[in-house]
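To start, the structure under review is shown below, and the notes come after it.
The values are calculated or read from the model by the stated rules, or taken from the named source; none is laboratory data. Just so we're clear, the structure is a prediction, and the values are computed from it rather than from any experiment. Neighbour counts run over all protein chains shown; Cβ positions are idealised from the backbone, glycine included.
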Amino acid sequence: MIVVLSKGITGHDKEMVRIYLKDRGFAIREQSFGEDMIIGASGKGVVDVRELGLLPGVERVAATSKPYELASRETRAEDTIVTVGNVKIGGSRITIIAGPCAVESKDQIMETAARVRESGAVMLRGGAYKPRTSPYAFQGLGMQGLEFMKAAGEQYGMPIVTEVVSPETAVQMKDLTDMFQIGARNMQNFELLKKAGALGKPVLLKRGPSATIEEWLLSAEYLLASGTRDVVFCERGIRTFETYTRNTLDISAIPVIKSLSHLPVIVDPSHAVGIRAKVSSAGLAAIAAGADGLTVEVHPRPDEALSDGPQSLYPEQFEKLMRDVEALAPVVGKELLRTPRPHHHAVFGLTPSGSSPAAGDTVFFDADAPVAFSGESGAYAEQALMRAFGDDAKRMQTDGFKPVFDAVLDGSASAGVIPVENSLAGSVHENYDLFLRYPDIAMVGELKLRIVHCLIADERADIDSIRVIRSHPQGFAQCKEFLDRHPEWILEPYNNTATAVASIVRDGAVKVAAIAGEAAARAHSLRVLKEGIETNPLNYTRFVIIARRVGDKAPVPPSLGSGMPNKASLVFSVPDDDEPGALFACLKIMSDRGINLFKLESRPIQGKPWEYLFYADVSVPDSAEVFDGVIAELKTKTRDFHFLGAYRAAV
Ligand code: PEP
Ligand code: MN
């Protein structure tokens, strides 16, 4: 049983709760849990839960039906997000850990760290103490190996995770590692679990090869009950009758753990499969099944590896896996986590030559100012914002796109997030037009969000009682097949899908439903009557991040700032619309230099009937010089020319 205490509980009231429970035969343990202070009570005591709930300072009592109380979803409904250094695991992100099976030398771990970091891994793995099946196999470099690994992690800005094999070494390792790994063979080494938990560090808990899911959850309970708050499950294959692969990856454990526990779960496809050529497929399957990340063995020369060479990926294979994970992420509604850069490093140039910003040319991101979006909480734009700036980013809600531009321009917001294009409905022209009216605002990043529409209504409503549907007109258009089945419904357009949801609460309406994302239902405590009602599930919206230009630069959100810009957006008109080939001449300049055109669209010029502006998204080549040349030449061939920004393309 878990007793959640009110935030402002007095010392006296807390003592009364403790006495109440002890008097009734419970063993108690007090602990902070996420934002909450809780008292865990275990034993065979008898208590009137309602009476306990009425004691001063008690917010609620969760009488869990599970033997693992702290790890249970019944105790905490929201996903726990585990923080390891500058990396987060859980929620809407996919976190990739990579590195060798074992640290073999300083050079080997440095080289591996460099390679996996370059491909986008955000944490470094590696064993310093190796529990090997044979006593004659390489046992690891011990503390020296850990020191090499720490140096590699620091050099490449990656927190490290390494296996701890005994309670004694746990204490020695504490200040060198960012996260402890409990290996499969030690999952039920309870003395080790108690020691590792008590040290308070995040723990990656591997599943024992013959452990049931419940035994695994109970091992997590040991860690949580001993003092750590940060536990991540790691499925690494279980022992079955099959011998072709090293173990059998239990994919179904992922959704099972997700429903039983609030803790994140990642997958180790390397130890699960044991065969290099099959590792990436297993990893992708895990992501598709809802895993919060992967831990993958990578070695620069696997054939020379001192342990687990046959299952270690070549760096090139790992790089491909990262690209595939990035492409898969939006399908499961997640974003691949990139190592956040410190705010003051986040800068891209906005002029073409800025694609190689000189050191010292720094533009500061005002981390204290909020990020603006249009709509209510739960809006798709807010989800995009959280992907780019983090779940706990400060947000500013506005009631339209223009106010987002205004807030960014006057500095009351450090950045803004606006939709520019939907894969089904096309461009959001209003926003493209706003860029021309706000020349001091630039595009500095983009991301794509999968749009899954839900039918959302009051708790008391059911689908037969609904008479009116509210949403943004694009919401109606994207759910046409579903709506066509209910010709009796009256459609009421709203500015924004989340605003439509909010209106149901405001009006106390029970016969009204809204079409919006699940996050909007959660934000307004409404019920999802039906999920996934969009006609085409391949429904994505492209959002751009906007920021104010400072000279020819602008700041970039940390999570979107890794790597050089590879995409730019331009707007131009051609000099004489009657002259044949004017547009062709512009496109030829680009094609001659190998610049790819991702998108070209024409828009009427306001106030000049029958004259058009061209909106182009183009690739940015590695050579800034080539790109500068192209832009300079384009300027001579165009009448109006606007460089909206250069940024890192979303997949
Ligand atoms: C490891 O990750 O290095 C390892 C030994 O894995 P497991 O404990 O899952 O066998
Ligand atoms: Mn290994």
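Figures for the structure shown
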quantity: Answer residue from segment 240-280, given it is in contact (Cβ under 8 Å) with a residue 60 or more places away in the chain and away from ligand 1 (no atom under 15 Å from the Cβ) and is surrounded by the most Cβ atoms within 10 Å (Cβ to Cβ) among those; calculated: LEU263
quantity: Selection status of MET179, closer than 24 Å to VAL265 by Cβ, away from ligand 2 (no atom under 16 Å from the Cβ) and touching a residue at least 12 places away in the same chain (Cβ under 8 Å); calculated: yes
quantity: Which numbered condition ASP36 fails, given (1) at positive phi; (2) at pLDDT below 85; calculated: (1)
quantity: Unmet requirement for THR112, which otherwise passes all of (1) in a loop (DSSP other than H, G, I, E, B); (2) of a type outside the set (A, V, I, L, M, F, W, C); (3) under 25 Å from SER280 (Cα atoms); calculated: (1)
quantity: Residue within segment 500-515 that is of a type in the set (Asp, Glu), more than 30 Å from TYR432 (Cβ to Cβ) and part of a loop (DSSP other than H, G, I, E, B) present; calculated: no
quantity: Within segment 249-303, considering residues that are in a helix (DSSP H, G or I), more than 16 Å from ligand 2 (Cβ to nearest atom) and small (Gly, Ala, Ser), the one farthest from ILE96 (Cα to Cα); calculated: SER259
quantity: So ASP107, is it modelled with pLDDT of 95 or more and either within 30 Å of VAL161 (Cα to Cα) or crowded, with 21+ Cβ neighbours inside 10 Å (or both); calculated: yes
quantity: Any hit, segment 322-330, residues being loosely packed, with under 15 Cβ neighbours inside 10 Å, modelled with pLDDT of 50 or more and either assigned to a helix (DSSP H, G or I) or over 19 Å from the mean Cα position of the chain (by Cα) (or both); calculated: yes
quantity: Some residue of segment 126-135 being modelled with pLDDT of 90 or more, under 16 Å from LEU204 (Cα atoms), in a strand (DSSP E or B) and within 16 Å of ligand 1 (Cβ to nearest atom); calculated: yes
quantity: Residue within segment 127-135 that is within 30 Å of GLY333 (Cα to Cα), within 15 Å of ligand 2 (Cβ to nearest atom) and surrounded by 24 or more Cβ atoms within 10 Å (Cβ to Cβ) present; calculated: no
quantity: Segment 620-649, residues that are closer than 12 Å to LYS567 by Cα and buried (at least 16 other Cβ atoms within 10 Å of the Cβ); calculated: VAL620, PRO621, PHE627, PHE643, LEU644, GLY645, ALA646, TYR647, ARG648, ALA649
quantity: Identity of the residue in segment 103-121, β-branched (Val, Ile, Thr) and closer than 16 Å to THR177 by Cβ, that ends up nearest to ligand 1 (Cβ to nearest atom); calculated: VAL103
quantity: Qualifying residue in segment 198-207 (condition: of a type in the set (D, E, K, R), within 13 Å of ligand 1 (Cβ to nearest atom), part of a loop (DSSP other than H, G, I, E, B) and buried (at least 22 other Cβ atoms within 10 Å of the Cβ)); calculated: yes
quantity: Residues satisfying the stated conditions in segment 617-631, i.e. β-branched (Val, Ile, Thr) and either touching a Lys or Arg at 6+ places or on another chain (Cβ under 9 Å) or under 10 Å from ARG593 (Cβ atoms) (or both); calculated: VAL618, VAL620, VAL626, VAL630
quantity: Matching residues in segment 153-169 - criterion: being under 30 Å from the mean Cα position of the chain (by Cα) and under 13 Å from ALA128 (Cα atoms); calculated: ILE160, VAL161, THR162, GLU163, VAL164
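For (1) touching a helix residue (DSSP H, G or I) at 6+ places or on another chain (Cβ under 9 Å); (2) surrounded by 15 or more Cβ atoms within 10 Å (Cβ to Cβ); (3) among the aromatic types (Phe, Trp, Tyr); (4) within 25 Å of VAL505 (Cα to Cα), each residue gets a yes or a no:
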residue	(1), (2), (3), (4)
TYR432	no, yes, yes, no
PRO439	no, no, no, no
ARG450	yes, yes, no, no
HIS472	yes, yes, no, yes
